[in-house]
Amino acid sequence: MTEKDHNPSSTHPPLPPTSEDEQFSRLRLLRSRRVGLTTYKRLLTEHGTAQNALAALPEVARAAGVENYEICPEGVVMAELKAARAAGARLILQGTAAYPDLLDELEDAPPFLWAIGAPELLQRPMISLVGARNASSLGTRMAKALARDLGAEGYIIVSGLARGIDTAVHEASLPTGTIAVQAGGVDVIYPAENADLAHRIADTGLRLSEQPMGLQPTARHFPSRNRIISGLSRATVVVEAATKSGSLITARDALDQGREVLAVPGHPFDARAAGCNQLIREGATLIRSAADVLEALTPLSGDAPELPLEPAVKPAPKTNKTLREIAALHRQILSRLSPAPVAEDQLIRDLAVAPADVAPALLDLEMDGKITRRSGGLLSRA
């Protein structure tokens, strides 16, 4: 009944609910205590329907050592649905036509999305733009230019409604289409200073959240939000980011999801550019303008914007391994490293793994603080 072991019995999402009662029961199941994505999918797979899963849940909890377990009360879900109606929010279910195809590919795709605005934007090609909250003037200008120019080429711009870079890209892409993925409930505006922007996005764009209506965001909700930002798009562009930042978490999510990661370089003395420079050093595509983004992706034709965005020009191959395979490679790398430095090319030869697979794994481990990169191409275990 925990989410530590991400091993659902099937990589395919459960079939979409065929009745309103089943939809209600699935939402109730997901909102029940100790039921995360893995447990939710396993229970549906094992019991067939949400009603059956709810009936079995107390016994499942008891077997896991949780006594006196109570499933989510019906009133809680009814209150959420009432709040959604009041906010003008629509529920988008995984497995239905309205659900975005790229997000549906993810093993940890959210079963439900609350949406306020124009859900048809989810059927158009998207690019995610993220960056620092304390953005520089140059970073803000670059973010606006990228969002405006990519929007003019037919892309919907996805970001997280945060201060700084997120705000800049949403503002610039309002005329062409923008999607804000929120960490809390879709009816909860955070930060409060973006309330006007959030209302304008709801008028012409789209706000999304997997969280219950009315939920105030906390720190733990933002990493979950970030996987949706990257999961909606074939490519994530990082404009400014410190070495330890949410933007780099989004970039790592994109790598794990087999998506393109692109970064705007910055001055070496600016800490806000350190994360982007690190990504570029590790193989991310360097971006100077929207033209560089377009060069890395299949151009969109005006009459067929729904064409999938497959990479056209890549400076280095990207991994398309499953999360389980990536985790195994991480363990292999760590088992061969020690505090004594070793050359990266020697490590690759010892692993007998393609360099294109090792590079993103090393980036993951470096961002997690598990390995240290030294001068001269040397690596050691932190």
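Please give the contour-minus-distance gain from Leu138 to Gln51: 0.36 nm per residue of separation, less the Cα-Cα distance, rounded to one decimal in nm.
The Leu138-Gln51 span can extend by a further 25.9 nm.
Rg (Å, one decimal) plus Dmax (Å, integer) for the alpha carbons of region 17-162?
Every Cα atom of region 17-162 included, Rg and Dmax give 19.4, 57 Å.
Ala327 to Ala291: extension gain in nm, 0.36 nm per residue of separation minus the Cα-Cα distance?
Between Ala327 and Ala291, full extension yields 9.5 nm more.
Compute the Rg/Rh shape ratio of the chain: radius of gyration over Kirkwood radius, all on alpha-carbon atoms.
Reported Rg/Rh, Kirkwood definition of Rh: 0.98.
Contour minus end-to-end for Tyr69 and Ser380, with contour as 0.36 nm per residue of separation and end-to-end as the Cα-Cα distance?
Net length gain for the segment: 107.3 nm.
Considering only DSSP beta bridges where both residues belong to the chain, give the percentage that are antiparallel (nearest 5).
Bridges in the chain are about 45 percent antiparallel.
For a test of understanding, tell me how many lysine pairs in the chain have Cα atoms under 23 Å apart, given they are 8 or more places apart or on different chains.
Lysine pairs, 8 or more places apart or on different chains, close enough: 9.
Quickly work out the Ala219-to-Val76 label distance, labels modelled 7 Å from Cα along the C-beta direction, and quote it in nm with one decimal.
2.5
Taking N as the number of residues in region 68-115, what is its Cα Rg relative to 2.2 N^0.38 Å?
For region 68-115, the normalised Cα radius of gyration is 1.41.
Could you grab the Rg to Rh ratio for region 247-293? Cα atoms only, Kirkwood for Rh.
With Rh from the inverse mean 1/r over Cα pairs, Rg/Rh is 0.96.
Using a Förster distance of 41 angstrom, determine the FRET efficiency expected from the C-beta separation of Glu120 and Asp345, and round it to 0.05.
0.25
Bin width 5 Å, alpha-carbon pairs only: give the P(r) of region 213-287 as whole percents, running from 0 to the bin holding the largest distance.
3, 18, 26, 23, 15, 9, 4, 2, 0
Which peptide among 126-136, 328-338, 230-240 comes first, and what is the full order, when sorted by highest mean count of other Cβ atoms within 10 Å?
Top of the packing list down: 230-240, 126-136, 328-338.
Can you give the log10 of the normalised intensity I(q)/I(0) at q = 0.10, 0.15, 0.18, 0.19 Å⁻¹, computed with Debye over equal Cα scatterers of region 83-239?
-0.29, -0.69, -1.03, -1.16
Any read-out appearing in this document is the output of simple, stated calculations on the displayed coordinates, not a laboratory observation. All values reported here derive from a predicted model rather than from experimental measurement. Glycine gets a Cβ as well: all are built from the backbone with ideal geometry, and neighbour counts include every protein chain shown.
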